[in-house]
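What follows is a single structure, written as structure tokens, with notes after it.
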Amino acid sequence: MPILPIFTYPNPILRKKAVAVIEFDAELAELVADMAETMYEAPGVGLAAPQVGISKQILVYDPAPSEEKGNYTALINPKIVEMAGEEFGEEGCLSVRELCAEVKRAYRIVVEARDLEGNELRFEAEEWPARVLQHEIDHLNGILFIDHLSSLKRALYKKKLKKILDAEKSDDGREIAR
Ligand code: CO
């Protein structure tokens with residue numbers, strides 16, 4: 001199973017609203033397995049399909065990765081149907097280089113989704129798993145965690161990223177494929 005390339009901000013694929021999956025087939029299962037492998041390799045606790053350049057409503061997550069690396073959940077066409085409370089917590093993103101920041105999220109959520117076979121799921125999550133899910137489901141709607149920061153923090157980050165990208169360009173004189 002291949003490790004997939006991760007697309008990073010400001011790649012426009014990250015801003016597209018992902019389309020719903022209608023076929024629950026072997027191809028979907030294969031993509032999910034590759035996404036999980038890519039997530040563990042990165043390493044990360046969640047990965048949404050747009051982050052690997054596929055604009056479909058698919059995510060994998062494992063809020064508490066262990067040595068076994070098999071304990072992830074795949075959600076297809078997930079939606080948050082209830083939200084309650086609020087909590088600040090630190091977030092980073094495999095698609096947002098060199099930034100960690102405090103983000104306000106709902107404390108408790110209810111999610112509806114489908115599994116790999118197309119069966120309907122409905123479950124509750126709280127605290128950290130709820131945070132991971134809100135972050136990943138945002139990706140499926142073209143939203144990044146930097147969108148939840150103040151405009152000042154976002155502007156500072158854009159400046160910092162520009163410096164990083166400029167330095168990389170002058171390092172090897174070609175565009176990095178991101
Ligand atoms: Co992310």
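The values are calculated or read from the model by the stated rules, or taken from the named source; none is laboratory data. Computed from a prediction, not measured in an experiment: that's the story for all the values here. Every residue, glycine as well, gets a Cβ built from its backbone with ideal geometry; the counts of neighbours run over all protein chains shown.
Against the condition more than 15 Å from the ligand (Cβ to nearest atom) and assigned to a helix (DSSP H, G or I), how does residue 169 come out, does it pass? Here the answer is yes, as residue 169 does meet what is asked.
The residues of segment 29-44 that are outside any loop (DSSP other than H, G, I, E, B) and either within 21 Å of residue 132 (Cβ to Cβ) or at pLDDT below 95 (or both), listed by number, are 31, 32, 33, 34, 35, 36, 37, 38, 39, 40, 41. Checking each residue in segment 139-157 for being in contact with a helix residue (DSSP H, G or I) (Cβ under 9 Å, 6 or more places away or on another chain) and closer than 22 Å to residue 17 by Cα picks out 139, 140, 142, 143, 144, 145, 146, 147, 148, 149, 154. Within segment 77-91, the presence of at least one residue that is closer than 27 Å to residue 163 by Cβ and either buried (at least 17 other Cβ atoms within 10 Å of the Cβ) or in contact with a His (Cβ under 8 Å, 6 or more places away or on another chain) (or both) is confirmed.
Yes or no, residue by residue, for (1) surrounded by 14 or more Cβ atoms within 10 Å (Cβ to Cβ); (2) on the phi < 0 side of the Ramachandran plot:
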site	(1), (2)
93	yes, yes
110	yes, yes
127	yes, no
148	yes, yes
152	no, yes
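In the condition set (1) within 16 Å of the chain's Cα centre (by Cα); (2) free of Cβ contacts under 8 Å to residues at least 40 places away in the same chain, residue 119 is compliant with all but (1). Under the condition of being acidic (Asp, Glu) and in contact with a strand residue (DSSP E or B) (Cβ under 6 Å, 6 or more places away or on another chain), the residues counted in segment 65-86 number 2. Would you call residue 7 in contact (Cβ under 8 Å) with a residue 24 or more places away in the chain and among the aromatic types (Phe, Trp, Tyr)? Yes: the conditions hold for residue 7. Within segment 100-137, the only residue that satisfies the criterion of being in a strand (DSSP E or B), touching a Leu at 6+ places or on another chain (Cβ under 6 Å) and within 15 Å of the ligand (Cβ to nearest atom) is 101. Filtered by the rule that a residue be within 17 Å of residue 45 (Cα to Cα) and either within 12 Å of the ligand (Cβ to nearest atom) or in contact (Cβ under 8 Å) with a residue 24 or more places away in the chain (or both), segment 80-99 gives 89, 91, 92, 93, 94, 95, 96, 97, 98, 99.
Selection of first residues in segment 37-60 that are surrounded by fewer than 24 Cβ atoms within 10 Å (Cβ to Cβ) and of second residues that are of a type in the set (Phe, Trp, Tyr) and in a helix (DSSP H, G or I), restricted to Cβ pairs under 9 Å at least 6 apart or on distinct chains, gives the following pairs, ordered by first then second residue: 45/128.
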